[in-house]
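> Structure in structure tokens, see below.
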Amino acid sequence: QFLFVVTFTTFLLCCVEYDVLFANRPLNHSHTGGAAPDRSKVTLPDAILPAPQCAQRIRARGWVIFLLVMAAVFWLYRLVKVLCSLLSYWEIRTFYIKALNIPSEGLCNYSWQEVQARLISLQRRQQMCVHKRELTELDIYHRILRFKNYTVAMVNKSLLPVRFHVPLLGPVVFLTQGLKYNLELLLFWGPGSLFQNKWSLRPQCKRAGARRELARRLARTMVLLGLANLLFCPCVLVWQLLYAFFSYAEVIKREPGSLGARRWSLYGRHYLRHFNELNHELQARLSRGYKPATKYMNSFTSPLLTVLAKNVGFFAGSILAVLIVLTVYDEDVLTVQHILTAITLLGLVVTLARSFIPDEHTVWCPEQLLQRVLAHVHYMPDHWQGNASRSETRSEMAQLFQYKAVFILEELLSPILTPLILIFALPARALDIVDFFRNFTVEVVGVGDICSFAQLDVRNHGNPQWLSAGQTEASVYQQAENGKTELSLMHFTITNPRWQPPPPSELFLSHLKEKVQQDAAAAPPAQCILAEGPLGASLFS
């Protein structure tokens, strides 16, 4: 895709004669015989310059050559990275076939739990990890999700990402793929990062006496990385614009309403992610919550916007209908200049206007819809409870579940805003980040340094509000917010039923099971519960 975008864009800039293509300049076709040339007809080859002339145009434009050189360097870097990844993938394939006895053609028939069970059994037989005899499911998750657990914990403690208050928009959370890449470069695997390799934190990061020096060094690295991003900003911005155009232009023309569709934001994926939750587990959970979340967000409508959309749709649709009738009556109407452009744009306007008109048969019950969302995503700020109908709740939900148009806009703005965040906003948090890694890092034999939240220990990181009263010794600073430790523990136990949790966590789970059984025994039959609500009343009427 990268090669195609660069080659095709260069071709469009330097190898097309647009005066001929738009018929702004008459073209004399060479002809033989007595037939007169058709001067009004322009073919596609007429507008494409010969290769020597195209090459001469490229050489005459220094900025094009500069961008091509930058693209070539980046492509070579990607090529080396892909080749290294292929070697790693080949090793993984060999390991699956020879060590785990899972053939490539049969891999799709195995669940992750089956693969994990074979890996644990192999450790008992061959002692792959020499530091400990038994590998647990938690050890495997810690190795895979080492850096991801740190990121999820920092989002949970509101350390990342940086929040801004924008006039007219209110509180804004900005986290894009470009900013995420820079943060991972700073903290985990870049030169001068806090980790010295893939499994071990730098020794000075664990010493309290070196915290201020480390914070100054980290802040300086943030500023330098921000300046580097600022230097490459024009190239990255051009690439983002081109890639977005080639990716979404055809989709927008075919389905203009797709920009009004929603997706889980990058911030939302980190906020809603459990500790020790693999990518496919998170994706399955958020996919189940997609339709309820869409229904909840669509339940909010603006009467003024609805009236405006109906009128705009009516006017644009009327003009479009007349143009279509005229075209059906006489196809020569299509030869009128810009008539096709008008028909296309009017069609887009009509489709966009329809997307703002709500279904007239929708029943407004935001509390029930938000509870359905919570059943899948598992996390919700306390102040949302009982306030599902408020616009503030919807705005905060929109930070987790954003329009695709907002996602595209954020990615396009990322090359401009990411350097500014790295230079001006993040350095102020350098000391807090250093303290976080020192206070919440533990070393596990056979695994290395991991985030202590990922141990799912309710004694050290539990929240008294989540049935952990008397079982937790955690201060407010040590507690995970929104019951993430408890919910992550429940999720991991259900996903890995053979895993043996530590005694405090096992005690919490046993108390939770007793509580659930008591509530289930005392609860009225499900049919009575359904009948009390508006949905049940409608179903049983």
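The values are calculated or read from the model by the stated rules, or taken from the named source; none is laboratory data. Just so we're clear, the structure is a prediction, and the values are computed from it rather than from any experiment. In this analysis, Cβ positions are derived from the backbone assuming ideal geometry, glycine residues included, and neighbour counts consider all displayed protein chains. The area values use the complete protein model at the heavy-atom level, side chains included, leaving out ligands, DNA and RNA. Shrake-Rupley method; radii C 1.70, N 1.55, O 1.52, S 1.80 Å.
> Taking the stated definitions as given, is Phe95 closer than 23 Å to Trp239 by Cβ and open to solvent by 60 Å² or more (accessible area, probe 1.4 Å)?
Values: closer than 23 Å to Trp239 by Cβ: no; open to solvent by 60 Å² or more (accessible area, probe 1.4 Å): yes.
Criteria not met by Phe95.
> Could you list all residues from segment 437-469 that are open to solvent by less than 60 Å² (accessible area, probe 1.4 Å) and of a type in the set (Asp, Glu)?
Asp449, Asp457
Residue-wise test of (1) loosely packed, with under 15 Cβ neighbours inside 10 Å; (2) closer than 30 Å to Ser488 by Cα; (3) at pLDDT 90 or above.
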{"site": "Ala309", "(1), (2), (3)": "no, no, yes"}
{"site": "Ala316", "(1), (2), (3)": "no, no, yes"}
{"site": "Thr341", "(1), (2), (3)": "yes, no, no"}
{"site": "Thr351", "(1), (2), (3)": "no, no, no"}
{"site": "Arg354", "(1), (2), (3)": "no, no, no"}
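> Being part of a loop (DSSP other than H, G, I, E, B) and either of a type in the set (D, E, K, R) or buried (at least 22 other Cβ atoms within 10 Å of the Cβ) (or both) is the filter here, so list the residues in segment 162-175 that pass it.
Leu175
> What's the number of the only condition in (1) modelled with pLDDT of 90 or more; (2) open to solvent by 20 Å² or more (accessible area, probe 1.4 Å) that Ala480 fails to meet?
The number of the failed condition is (2).
> Which numbered condition trips up Ala249, out of (1) open to solvent by less than 10 Å² (accessible area, probe 1.4 Å); (2) free of Cβ contacts under 8 Å to residues at least 40 places away in the same chain?
It is condition (1) that Ala249 fails.
> Working only within segment 42-54, note down all residues that are open to solvent by 60 Å² or more (accessible area, probe 1.4 Å) and either assigned to a helix (DSSP H, G or I) or under 21 Å from Val238 (Cα atoms) (or both).
Result: Leu44, Pro45, Ala51, Pro52, Gln53.
> Quick check on this structure: which one of Asn101, Asn109 is more than 27 Å from the chain's Cα centre (by Cα), loosely packed, with under 13 Cβ neighbours inside 10 Å and at positive phi?
Answer to the check: Asn101.
> Could you list all residues from segment 185-199 that are farther than 15 Å from Phe436 by Cα, open to solvent by less than 50 Å² (accessible area, probe 1.4 Å) and either of a type in the set (A, V, I, L, M) or in a helix (DSSP H, G or I) (or both)?
Passing the criteria: only Leu185.
> Just checking, how many residues over segment 379-416 are open to solvent by 60 Å² or more (accessible area, probe 1.4 Å) and assigned to a strand (DSSP E or B)?
Counting residues in segment 379-416 that are open to solvent by 60 Å² or more (accessible area, probe 1.4 Å) and assigned to a strand (DSSP E or B) gives 1.
> Would you check if there is a residue in segment 287-307 being surrounded by fewer than 16 Cβ atoms within 10 Å (Cβ to Cβ), at pLDDT 95 or above, closer than 28 Å to Leu400 by Cα and of a type in the set (S, T, N, Q)?
Yes - at least one qualifying residue is present in segment 287-307.
> Collect the residues in segment 133-147 that are touching a residue at least 12 places away in the same chain (Cβ under 8 Å), open to solvent by 50 Å² or more (accessible area, probe 1.4 Å) and basic (Lys, Arg), keeping them in residue-number order.
If the condition is that a residue be touching a residue at least 12 places away in the same chain (Cβ under 8 Å), open to solvent by 50 Å² or more (accessible area, probe 1.4 Å) and basic (Lys, Arg), then Arg143 is the only one that fits.
> Shifting gears a bit: Which residue is modelled with the lowest pLDDT, if the candidates are limited to segment 244-277 and must be among the polar types (S, T, N, Q) and within 23 Å of Pro415 (Cα to Cα)? If you could, list the steps in order and put the result at the bottom.
At the first step, the residues of segment 244-277 found to be among the polar types (S, T, N, Q) are 247, 258, 265, 276.
Next cut, within 23 Å of Pro415 (Cα to Cα) only: 247, 265.
Values: Ser247: 86, Ser265: 96.
Checked segment 244-277; the qualifying residue modelled with the lowest pLDDT is Ser247.
> Also: Test Val80 against the stated conditions and say whether it is open to solvent by 40 Å² or more (accessible area, probe 1.4 Å), aliphatic (A, V, I, L, M), modelled with pLDDT under 95 and more than 23 Å from Asn276 (Cβ to Cβ).
no
> When you scan segment 259-270, do you find a residue that is more than 23 Å from Arg372 (Cβ to Cβ) and hydroxyl-bearing (Ser, Thr, Tyr), even just one?
Within segment 259-270, none of the residues are more than 23 Å from Arg372 (Cβ to Cβ) and hydroxyl-bearing (Ser, Thr, Tyr).
> What number of residues within segment 200-241 satisfy the criterion of being surrounded by 15 or more Cβ atoms within 10 Å (Cβ to Cβ), touching an Asp or Glu at 6+ places or on another chain (Cβ under 9 Å) and not in a helix (DSSP H, G or I)?
1
> Let me spell it out: the conditions are (1) open to solvent by 70 Å² or more (accessible area, probe 1.4 Å); (2) without any contact (Cβ under 8 Å) to a residue 60 or more places away in the chain; (3) among the basic types (Lys, Arg), and Arg57 meets all of them except one. Which number is the exception?
Unmet for Arg57, out of (1) open to solvent by 70 Å² or more (accessible area, probe 1.4 Å); (2) without any contact (Cβ under 8 Å) to a residue 60 or more places away in the chain; (3) among the basic types (Lys, Arg): (1).
> Does at least one position in segment 133-148 carry a residue that is in a loop (DSSP other than H, G, I, E, B), closer than 30 Å to Ala428 by Cβ, of a type outside the set (Lys, Arg) and over 18 Å from the mean Cα position of the chain (by Cα)?
No, segment 133-148 has no match at all.
> So, one more: Can you report the number of residues in segment 444-489 which are touching a helix residue (DSSP H, G or I) at 6+ places or on another chain (Cβ under 9 Å) and not in a loop (DSSP other than H, G, I, E, B)?
Counting residues in segment 444-489 that are touching a helix residue (DSSP H, G or I) at 6+ places or on another chain (Cβ under 9 Å) and not in a loop (DSSP other than H, G, I, E, B) gives 26.
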